[in-house]
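Enquirer: Okay, here's the structure, questions in a sec.
The values are calculated or read from the model by the stated rules, or taken from the named source; none is laboratory data. Only a predicted model underlies this, so the values are computations on that prediction, with no experimental measurement involved. Please note: Cβ atoms are built from the backbone with ideal geometry, for glycine as well, and neighbour counts cover all protein chains shown.
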Amino acid sequence: MTTPLLVRFVSEARDLLQAAATCLLRLEKSPDDEAAINEVFRAVHTLKGSVGLFDFPAFTKLVHAGEDLLSAVRAGQLALSSELVDLLLDALDQVSAWVDSIDAIGALPDGADGVSRDITARLRTALPQDLEAGAAVVPLRAEILSSIEWLPAVPAAERLAALRAALSGADILALEYLPAEDCFFSGEDPAALFRQVPGLLALAMEPRRDWPAAEALDPYCCLLRFRALTTASRAEIEHLFRYVIEQVALTAVAPHLLAVAETGLSPAVASILDGQRVILELPAGDDLPSRLTSVARTVENVLHAAGQETTDWREAVRATETSGDTAPLLAVLARLLDARPEVKVDAAAKGLAAAEGSVLSSPDLRHASRVLKVDQAKIDSLMNLIGELVVSKNSLPFLARRAEEVYGSREMSREIKDLFAVVDRLAQEMQAAIMAVRMLPVSEVFERFPRLVRDIARKLGKRIDLVIEGEDTAADKTIVEMLGDPLLHIIRNALDHGIETPDEREAQGKPVEARVLLKAFQEGDQVVIEVSDDGRGIDPVKIRAAAVAKGVIDAERAAGLTDQDAVNLVFLPGFSTAGQVSDLSGRGVGMDVVVSTVEKANGSVSLSSVKGEGTTVRLSLPLSMAVTRVMMVEAGGGMLFGIPMDHIAETVRIPRDSIRHIKQSEAFVLRDTIVPLLRLDTLLGLERNVWFGDPTEEDAVLVVRIGNTLTGLVVDHFREGMDIILKPFDGILAGLPNYSGTALLGDGRVLLVLNLKELL
Amino acid sequence: MPIHVSKTEVTIKGTCTVEDALPLLEALQATPAARVALMHCTHIHTASLQVLLALQPSIVSWPEEAFLARWLTPLLNQGGR
């Protein structure tokens, strides 16, 4: 059932829906944003076009109704109210649900027809009355062709009438109908069809080839060709000509084409002449005479072909030949090209500018971006392969050492090392390249928030302006995708708890419209996302009280906390300040979920809040998850372990006699702070190295930071740091909490990477 | 029959159907100089219309019906007479 075409449709439809929704919201804010209305119209129009390829009538009808509504909005016949935006967004939601269904089962869900009918009816009732009946579809500007070659043949009076209609805002449609020669036998009367065409501006009935002699004429062989200009909508024409639609060509006519036709020069001729003008305007040089000859001949031929008077031109050519000055030629060309009857010069100027403006901004002139859509699995497998390459590359230094130590060839060793340097560089570049492929702008996630904020704000009766900054900031796909839920939670929290109602805000002298800033930026190798609001902020006193009441901490500790620390209590599991469970947030899922999700991605969350002024939540995440930097340590007599570099604060060597024993525990003093000391061997249940008291011997201590506490970890030896591709445990090993995964070392050994948070 | 053929004139009245195309053609072929009266014609089927367009006979009276008057007149005017 699922065809490649359908798969492409689904992905395209999702993009279009997203674009449409985004622009609708933009439009609601600034209803005069012409680019936005064009864009949303275009998105829906394209969607209608693509769904037409498949047999989803309910889908098509709904999208069509939406398009009609948008087209009325675009034409200025309908003001875009919030209700209308709601209606359209609902429709888009429905369509997007259908797209999901198409993706899943290749068909629309049951009952789609009914749903479509309901929503379509609602959309239609929103249409202005006169449009409703005709279901007018204003043709897309993008479809306007640059030349309709028969346009100049339309008698001037009719063309002028059409131009006038176009300038007063009507869309002109050019219609060419070439009936089949045997059409009379199937009971057709082509001329009768035109009786029913509304707003007929011009109609030409001509033989499509020269008439045969009177004796040879076969009255039952239709030789006529019909050409017409009309203000009727495309839908009306399509309906009228529905039985012969394949014999009809419909083209929207831009007003300036009607005007250009006034010169008597077809656009093609005009463009040739214009080209010649450009040649003439080139700076004079040695080749001027030959250039003149060629231009003179070309223009004369063109004029001749176009049935234009050539005497002026010949005179000008003669004048130029004697004087060597191209001015007379240019004057004649300018007259030919620019000669336009008065009507269009002033009246058309406006329409012309408007038409050209919209033509220029139309998407079809945009160069198709050279984007390749690739299945993520392919990128992932490429990523894995590069990971393997990095690992095998890491085995070269081992080989070099063997060459030297085992085979005694220092030369060989050096050559291998040189080679390693090259492979290393290439592998790193490759890795960087593939990382870049996986990079996504955070706008992927941010995009859905304007809609969300708008809906929530309306529900809560608050007025909120969501400002998004730095949406181009890119991070690894996994990171960006993972951001969605935590951000959703933070923003909901801000809207629900942080932002006051308009009345409260007014009473406090704040602007009635609250501001929520969603900002992304890069900081070192981290991507930082900040959500700040200018709401009521978090009251440390309340937080302390709530924390004690919920038994999260005891009263004594609560009192000892600084205000900042108290605010951070919201991150503790089981903490939720919401007095009552609301629809939005406070569903018993606290900020601790945000923290755990972000920490899973090796990120961190911090929160700062000033009472009465607002709250800022800051998420800091690595740009990429693919490569983890670890430090290798040796413990348990030669076993290697990896420790994520993020956790390591410093490495120190502590003389054994300066280790303090506090009951069973050990500790040492690091720059006037007592740091608890743990032994990795013991923690992992490995046999501890026995040592005999030489008090001056030093222990290698890795000072690690977990959360905000420092801990010393005694290891046997420090080894080098390295970049690894961390493979999490799966299957039967997945339950081992002490390790976050494994990596393969160059010499084939497996490096266990410790999950310090669980271990300590 | 909407078509009445006299010695010098072909009169078309009311609705000229597809069946009238052949008689019309034959009449005009028989008397190439015949003039055509369209005054009371309300619709001409495309087939008959085509005959008129191809042969461009002289027209003695123009149709009163709006559509024909508007769009047919200029087409027939250009030729004969």
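Enquirer: Looking at the structure I just gave you, is A:ILE543 within 29 Å of A:VAL516 (Cβ to Cβ), touching a Phe, Trp or Tyr at 6+ places or on another chain (Cβ under 9 Å) and among the β-branched types (Val, Ile, Thr)? Steps first, please.
Expert: Details: within 29 Å of A:VAL516 (Cβ to Cβ): yes; touching a Phe, Trp or Tyr at 6+ places or on another chain (Cβ under 9 Å): yes; among the β-branched types (Val, Ile, Thr): yes.
Yes; evaluated as a whole, the condition is true for this residue.
Enquirer: Could we say that B:ALA33 is in a helix (DSSP H, G or I) and either among the small types (Gly, Ala, Ser) or out of contact with any Gly (no Cβ under 6 Å at 6 or more places or on another chain) (or both) here?
Expert: no
Enquirer: Condition check: closer than 30 Å to A:SER168 by Cβ and of a type outside the set (Phe, Trp, Tyr). Does A:THR46 satisfy that?
Expert: So A:THR46 passes the test.
Enquirer: Separate question: Out of curiosity, is A:ALA36 of a type in the set (A, V, I, L, M), more than 21 Å from A:ARG448 (Cβ to Cβ), at pLDDT below 85 and surrounded by 14 or more Cβ atoms within 10 Å (Cβ to Cβ)? So that I can check it myself, show each step before the final result.
Expert: Values: of a type in the set (A, V, I, L, M): yes; more than 21 Å from A:ARG448 (Cβ to Cβ): no; at pLDDT below 85: yes; surrounded by 14 or more Cβ atoms within 10 Å (Cβ to Cβ): yes.
For A:ALA36, the condition - of a type in the set (A, V, I, L, M), more than 21 Å from A:ARG448 (Cβ to Cβ), at pLDDT below 85 and surrounded by 14 or more Cβ atoms within 10 Å (Cβ to Cβ) - is not met.
Enquirer: Among what's in region A:194-221 and is aliphatic (A, V, I, L, M), touching a strand residue (DSSP E or B) at 6+ places or on another chain (Cβ under 8 Å) and without any contact (Cβ under 8 Å) to a residue 40 or more places away in the chain, pick the residue that is farthest from the other protein chains (Cβ to nearest Cβ). Show your work before the answer.
Expert: In the first step, residues of region A:194-221 are kept if they are aliphatic (A, V, I, L, M); the result is A:197, A:200-205, A:213-214, A:216-217.
Imposing the further condition that a residue be touching a strand residue (DSSP E or B) at 6+ places or on another chain (Cβ under 8 Å) reduces the set to A:197, A:200-205.
If we keep only those that are without any contact (Cβ under 8 Å) to a residue 40 or more places away in the chain as well, we get A:200, A:203, A:205.
Values: A:LEU200: 8, A:LEU203: 5, A:MET205: 6 Å.
This residue is A:LEU200.
Enquirer: Run down A:VAL317, A:VAL278, A:VAL295 and say which single residue is assigned to a helix (DSSP H, G or I), at pLDDT 75 or above and loosely packed, with under 12 Cβ neighbours inside 10 Å. Can you show your working first?
Expert: Details: A:VAL317 fails: loosely packed, with under 12 Cβ neighbours inside 10 Å; A:VAL295 fails: loosely packed, with under 12 Cβ neighbours inside 10 Å.
The conditions single out A:VAL278.
Enquirer: A further question follows. Among the residues of region A:496-534, count how many are assigned to a loop (DSSP other than H, G, I, E, B) and free of Cβ contacts under 8 Å to residues at least 24 places away in the same chain. If you could, list the steps in order and put the result at the bottom.
Expert: Kept after step one, since they are assigned to a loop (DSSP other than H, G, I, E, B), are these residues of region A:496-534: A:499-501, A:508-513, A:524-525, A:534.
Then keep just the ones that are free of Cβ contacts under 8 Å to residues at least 24 places away in the same chain; that gives A:509, A:511, A:524.
The number of residues fulfilling the criteria is 3.
Enquirer: Checking the structure you have, find out if any residue of region A:404-427 is under 33 Å from the mean Cα position of the chain (by Cα), in contact (Cβ under 8 Å) with a residue 12 or more places away in the chain and either exposed (fewer than 15 other Cβ atoms within 10 Å of the Cβ) or not assigned by TED's automatic domain parsing to the domain that holds A:ASP723 (or both).
Expert: Looking for residues that are under 33 Å from the mean Cα position of the chain (by Cα), in contact (Cβ under 8 Å) with a residue 12 or more places away in the chain and either exposed (fewer than 15 other Cβ atoms within 10 Å of the Cβ) or not assigned by TED's automatic domain parsing to the domain that holds A:ASP723 (or both), one finds at least one in region A:404-427, hence yes.
Enquirer: Could you go through region A:228-250 and let me know if any residue there is away from chain B (no Cβ under 14 Å), aliphatic (A, V, I, L, M) and over 24 Å from B:ARG70 (Cα atoms).
Expert: yes
Enquirer: Assuming A:THR22 fulfils every condition listed in (1) within 16 Å of A:VAL73 (Cα to Cα); (2) in a helix (DSSP H, G or I); (3) out of contact with any Leu (no Cβ under 9 Å at 6 or more places or on another chain) apart from one, which condition is it?
Expert: Every listed condition holds for A:THR22 apart from (1).
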